[in-house]
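One structure is given below, encoded as structure tokens.
The values are calculated or read from the model by the stated rules, or taken from the named source; none is laboratory data. Everything quoted here is computed from the prediction, not taken from an experiment. For neighbour counting, all protein chains shown are included, and Cβ atoms are generated from backbone atoms with ideal geometry for every residue, glycine included. With ligands, DNA and RNA removed, areas are computed over all heavy atoms of the protein, side chains included. Shrake-Rupley method; radii C 1.70, N 1.55, O 1.52, S 1.80 Å.
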Amino acid sequence: MAKQKKQPRPKAETPKGFRDYFGAEVTEREDMLRKIAEVYHRYGFDPLETSGVETVEALGKFLPDVDRPNEGVFAFEEDDKWLALRYDMTAPLARVAAQYRNDLPSPYRRFTMGPVWRNEKPGPGRFRQFYQCDADTVGSASVAADAEICAMLADCLEAVGIERGDYVVRVNNRKVLNGVMEVAGLAGQHMEAERGIVLRAIDKMDRLGERGVRDLLGDGRKDESGDFTDGAGLSTGQSDRIIAFVQATGGDNSATIEALKTLAEGSETGSQGVAELEEIGSLLAAQGYGPDRIVIDPSVVRGLGYYTGPVYEAELTFEIKDEKGRPRQFGSVAGGGRYDDLVKRFTGQEVPATGVSIGVDRLLAALRAKGQLKGEAAGPVIVTVMDRDRMADYQAMASTLRQAGIRAEVYLGNPKNFGNQLKYADKRMSPVALIQGSDEAERGVVQLKDLILGAKLAEDATLEEWKSQPAQTEVALNDLVAEVQAMIARHQ
């Protein structure tokens, strides 16, 4: 009988394009989501949580740089029907708005938070799973809804710690670009593929620059890896008009509007888009959102294919250093726009909608780059174990601290080596360790070891400082909560 082949052990590794999040990272994200949710809620939006899995038909074919419905997503077949993990939060909202249209108020204002998945080529800082934090208004055709989204986005950035002057919300309108393309001779059903390439090319202006975009508007572009991307095949004159549109930003919003009027002249759609931008600018100015926070910028087009009108993008303007130490701006952390045709796919009736999505992971990375987040979080108070047969006493002390709102845990490893217990507390970044042997128990006291102070004193303290501010003190058991609270507060 042949010897059965031993199964190899599975390799402990994270799948390509995914990552794990620990302790402080999760805590910092939860804190950011709470702050953003507070802003959304203040504006009158209600929470919604949709399924992570949708039918491929419901998701639609809207991802940039993909041609097939199930390309760019994680899809699987079940009962002759293709299902996929959601690639954003907007497509599921369109399905919800259609499915529950008789029950929901109109307009329907919702916000949602959670992970999305894209089956794309991963790269530095680009993962296949990431968090989004969206807010949308479904059922209002007024550009006042778009202006409100832009104002709310600015408020969200400031709420999480991005100071005014370190960000700008850029606003454009797809109708203006469609009008410019119409004037450039790219109208009609037969030019749909070319218009799609133009849209994606413009969206890469900040990354590829004018030369790279011109290549994509023309015959195509070969990147550093040797991969070739087909271009739109536009003439030099057509490309010049598209580039002029992207670079039409003037000294202020009024100058930009006038430049766009000239470029879109001759197109009813383009002129309508310019008028909408002008109204959005006026509405925002009336609320005090000036060009220090929100500007009209024709270079913003957004890569997703379902936008039909105003589009917006939040960009962080402060400099950071890349992996090679070179200065660069952080870039976009949020974006959105109007998508009046998305719900129509389900109902056959036009349902206007607009919304924004904040890239939570990128925003967290930005705050870390500014030094506002350290990636560290204070651990729990550690109750050390001196006597194995007194575990109930130690659990009681931890329980007393928890009831007072203090995070605490009893050391549950091998208590034989006390030094290992303190090493564990250090690894947990614990602020305080409790020590009580049988002698202290008989006297009704407990030793409090200030681990943060102890670490500081060990680094650079003189002998006098050690004596004047001891890192370990004895307190009555009845005073345990008050003394631990004071010790923790000392370092906050």
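Some values worked out for this structure:
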| quantity | calculated |
| --- | --- |
| Residue list for the stretch 1-24, filter: modelled with pLDDT under 90 and open to solvent by less than 50 Å² (accessible area, probe 1.4 Å) | Ala24 |
| Residues located in the stretch 383-404, provided they are under 40 Å from the mean Cα position of the chain (by Cα) and of a type in the set (Val, Ile, Thr) | Val383, Thr384, Thr400 |
| Count of the stretch 252-287 residues which are farther than 24 Å from Arg164 by Cβ, open to solvent by less than 60 Å² (accessible area, probe 1.4 Å), in contact with a helix residue (DSSP H, G or I) (Cβ under 6 Å, 6 or more places away or on another chain) and not acidic (Asp, Glu) | 8 |
| Output for the stretch 443-463, where each listed residue is open to solvent by less than 60 Å² (accessible area, probe 1.4 Å), modelled with pLDDT under 75 and not small (Gly, Ala, Ser) | Leu457 |
| Residue tally, condition aromatic (Phe, Trp, Tyr) and open to solvent by 40 Å² or more (accessible area, probe 1.4 Å), over the stretch 408-442 | 2 |
| Some residue of the stretch 90-104 being buried (at least 16 other Cβ atoms within 10 Å of the Cβ), part of a helix (DSSP H, G or I) and of a type in the set (D, E, K, R) | yes |
| Pairs where the first residue, in the stretch 211-229, is free of Cβ contacts under 8 Å to residues at least 12 places away in the same chain and within 25 Å of Gly185 (Cβ to Cβ) and the second is open to solvent by 60 Å² or more (accessible area, probe 1.4 Å) and among the hydroxyl-bearing types (Ser, Thr, Tyr), C-beta under 8 Å, 6+ apart | Gly220/Thr229 |
| Failed item, numbered, when Gly290 is tested on (1) in a loop (DSSP other than H, G, I, E, B); (2) surrounded by 21 or more Cβ atoms within 10 Å (Cβ to Cβ); (3) among the small types (Gly, Ala, Ser) | (2) |
| Search result, residues across the stretch 193-230 that are in a helix (DSSP H, G or I), surrounded by 16 or more Cβ atoms within 10 Å (Cβ to Cβ), acidic (Asp, Glu) and modelled with pLDDT under 85 | Glu194 |
| Residue among Gly161, Gly233 that alone is outside any helix (DSSP H, G or I), farther than 20 Å from Pro298 by Cβ, open to solvent by 50 Å² or more (accessible area, probe 1.4 Å) and not acidic (Asp, Glu) | Gly233 |
